[in-house]
Amino acid sequence: MAILQIREAINQAIAEEMDRDPGVFIMGEEVAQYNGAYKVTQGLWKKYGDKRVIDTPITEAGFAGIGIGAAMAGIGVRPIVEMMTWNFAILAFDQIINHAAKARYMSAGQFKVPIVFRGPNGPAHMLGAQHSQALESMMAHVPGLIVMTPSTPYDAKGMLKSAIRDDNPVIFMESELMYGQKGEVPDGEYLIPVGKGDIKREGTDVTIIAWTKMVAVALKAAAELEKEGISAEVLDPRTLRPLDEELIIASVKKTNRAVIVEDSWPFASVGTEIAHRIHTIAFDHLDAPVEKINGADVPMPYAENLEHEAMPSPEKVIAAVKRVLYR
Amino acid sequence: MATKMLMPKLSDTMEEGIILKWRKKEGESVKAGEVIADIQSDKADMEQEAYDSGVLLKIFPKEGEGVKVGAPLVIIGKAGEDVTALLSDAPAKAAAPAAAPSAPAASPAPSPAQAPGTRVKASPLAKRIAEENAIDIAAIAGSGPLGRVVKRDVESRLGGAVPSAAPSAAVTASAAPREVPLSMMRKTIAKRLLESKTTIPHFYLTAEVSMKKAMEFRASLNNGGDVKISFNDLVVKAAATALRQNPKANSSFGGDRIIEHGRVDVSIAVAVDEGLITPVLRNADRKGLAQISAETKELAAKARDGKLKPEEFTNGTFTVSNLGMYDVESFAAIINPPEGAILAVGSIRAVPVVENGQVTAGHTMKVTLSCDHRVIDGAVGAQFLQSFKRILENPALLAL
């Protein structure tokens, strides 16, 4: 089994799907000749040429709209639109929310929108308030969109291949700090279906729910907690919309306690929705209110010390776990 | 991170505990699970273990001091850690008796058992476990924030129900009235028995058992050997066997269902200085007389020494209360909730009996079964008594 970086796993997924289906193409800022701002599209332009690997101007709303139009045309194309980061994709939210998410519904199914918008999401390191935003909650808010957030090279490849093959618009959110993260990726083809979460670590005392970069924070907390005799289960929903409710509820029924860890702001977040569902569906199984650890409810500070304080950390997760365990 | 350890609720009726002895000093390191103190609850003297590992940074109460459930005992953390934030919460010491109720404390010290009529704060899981086990959650004091009853509180109670059944000894009148403050155990007895007698529809069935063969049987068992089987042992064994044969009599009322226990765990009322307590003989139906005798002796000794652990005096399914040794002919006992029945055993008396149409000298014992009519109907109780009587009148059946 190969050990790949997440950027390589994503690159493989794109290349395999381009080989499999001549309708798959990718466009975005610097994806072709420069091999991608984060080198995710390394070598693709050379291999597939100008028609299938397309450099765009710095016009997020424009090329998002072109992609949506191409997907809707019903001519068998499946665009992948790379956003250099999701901070920049905010310019394209009208296209994504008002067009990609709505076309299938408003045309009574006559138009399908098989498109993937992908790129890094969430704070990285000292990029300032405008470039340090975790926006998955905004995307997951919108009916008509699928939102996927991989946390390992294995997941990234299998999930992106499913995203490309899906006939609905998929928001695929990666992490700048994770592109270099390595992990095992099997050689043959495999798919990870939309809407299927994964238990990253088994445990019995508390369920820690986290995705993308926060999975590592949760696992670190779980390892520390183990030293104190607390067995934490780490659950990665992988797809945020539709949510793998079955997996989450089964885990909470087992552990009776849940802590949600997310990069994003706390107000009306994906974690808010997960907490609500746990409280509603598993109410009689809860021994404590569900806890949520979020990024601080402020624009991200640039100062390194304040930035660190504003982000979820294993220490904050450990404290929350102890609160739900009344320890 | 330093954590404050609070006085735990060591029995379901405990409101405060007395620190008998500190096994550790401030500054010593402790491991989670290590005994740090001996604490006297309203039921027993118990060893208290540390919940966390670390250094004992602060010990709040002195030896001999009474501490309310939920008030701080110790702070455990890393050596040299700043614990001023944890110190600021005023340690709620036990109020002096007869003190006026103090203003509600601002600190979130758990309230002991919740007052009637107030909303019970409990986690949904705790409520569900309590309901499934027919436990009144209002009677449990919570250890969570603001006195919330959480899973561990119900589970520690699932050690079980508690006390008492048989009537207390008669008060002898003295010249001048003397006022005796209620002990913890007395309060518990008062509360639980009042609750039982006023909320459970009791009815009573009395049967007279010929003890002729049982006396011969006992004499032959005790003839020369090391074992000394008491009549009480025979009664417990016969009751346990009869319960196994009549599972409906071994049941509890569970609000919206009846719980047939299956296991036969016989509580035995034991008089102690302050009142009485009911240690439980587990699986009495599956134990031989010698074992029943030995275990009962051990439990009774522990009860008198205040050494019973909660799991040893809770969660029985049926109680036997025997006042035969006081020459009581018969009496009716109060059910020990959530059990469904209690057997009150009188003395063995030499009486004329009619045998084959002839009046002859015989020995009989009267027993009275008190039943919770919500669970046990007259016929079910009567069938249990029939089985019980048949066994004691043909003690060879105990060998089966």
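Please treat every number below as a calculation from the coordinates, not as lab data. Everything numeric here is computed off the predicted structure, so don't read it as measured data. Here the Cβ positions follow ideal geometry from the backbone for every residue, glycine too, while neighbour counts run over all protein chains shown.
Separation between the residue B:390 and residue B:304 pseudo-spin-labels, each 7 Å from Cα along Cα→Cβ, expressed in nm?
Going by the 7 Å Cα→Cβ label model, 3.7 nm.
Suppose we keep just the DSSP beta bridges with both residues in segment A:2-185; what percent of those would be antiparallel, to 5?
The answer is about 15 percent antiparallel.
Could you tell me what percent of the DSSP beta bridges with both partners in the protein assembly as shown are antiparallel, to the nearest 5?
Numbers: 62 of 100 bridges.
That works out to approximately 60 percent antiparallel.
Distance between the C-alpha centers of segment A:9-87 and segment A:182-205? Whole Å please.
Rounded to whole Å, the Cα centres lie 25 Å apart.
What is the distance in Å between the Cα centroid of segment A:131-149 and that of segment B:320-377?
Each part reduced to its Cα centre gives a spacing of 74 Å.
Whole-Hz ³J(HN,Hα) for each residue in segment A:285-297, computed from phi via Karplus 6.51 cos²θ - 1.76 cosθ + 1.60 with θ = phi - 60°, x for glycine and proline: what do you get?
9, 8, 9, 7, x, 5, 9, 10, 10, 10, x, 5, 7
Treating the Cα atoms of segment B:1-94 as identical point scatterers in vacuum, please give the log10 of the normalised Debye intensity I(q)/I(0) at q = 0.21 Å⁻¹, two decimals.
So the normalised log intensities are -1.00.
Per Stokes-Einstein, at 37 °C and 0.692 mPa s, what whole-number D in µm² s⁻¹ belongs to the protein assembly as shown, with the Kirkwood radius over Cα pairs as the hydrodynamic radius?
My calculation gives 107 µm²/s for D.
Considering the convex hull of the alpha carbon atoms of segment A:154-273, report its projected area averaged over all viewing directions, in nm², one decimal.
In nm², the orientation-averaged hull projection of segment A:154-273 is 8.4.
Using only DSSP helix segments of four residues or longer, with each worth -39500 (n - 2.57), what per-residue ellipticity at 222 nm results for chain B after dividing by its residue count and rounding to 500? Could the numbers behind the result be given before it?
Numbers: 9 runs with 98 residues, N = 400.
One gets -7500 deg cm²/dmol as the mean residue ellipticity at 222 nm.
Are there any trypsin sites (Lys or Arg not before Pro) in segment B:333-400 that are in a DSSP loop and have at most 16 other Cβ atoms within 10 Å? List them by number.
Loop-located and lightly packed - B:374.
Beyond 35 Å, what share of the Cα-Cα pairs of chain A remains, rounded to the nearest whole percent?
The calculated P(r) of chain A puts 20 percent of pairs beyond 35 Å.
Report, ordered by chain and residue number, the aspartates and glutamates lying within cross-link reach of residue B:297, taken as a straight Cα distance under 13 Å and ignoring same-chain residues fewer than 8 apart.
Within the straight-line cut-off, residue B:297 pairs with B:233, B:305.
Taking every alpha carbon pair in segment A:92-171, what does the distance histogram look like in 5 angstrom bins from 0, in percent?
3, 14, 22, 22, 18, 12, 6, 2, 1, 0
In deg cm²/dmol and to the nearest 500, what is the mean residue ellipticity at 222 nm of chain A if only DSSP H runs of at least 4 residues count, each as -39500 (n - 2.57), divided by the residue total?
Working: 12 runs with 115 residues, N = 327.
My calculation for chain A gives -10000 deg cm²/dmol from helical runs alone.
Using only Cα atoms, find the angle between the long axis of helix A:153-165 and the longest principal axis of chain A, and express it within 0 to 90 degrees, rounded to the nearest 10.
That helix lies at roughly 50 degrees to the long axis.
Write down the percent of antiparallel bridges among all DSSP beta bridges whose residues are both part of chain A, to the nearest 5.
25
Can you tell me the length gained on complete extension of the stretch residue A:253 to residue A:127, counting 0.36 nm per residue apart and subtracting the Cα distance?
Details: separation 126, 0.36 × 126 = 45.36 nm, distance 4.00 nm.
Between residue A:253 and residue A:127, full extension yields an extra 41.4 nm.
Take the alpha carbon atoms of segment B:211-239, find their center, do the same for segment A:251-327, and report the distance between the two centers in whole angstrom.
After rounding, the separation between the Cα centres reads 64 Å.
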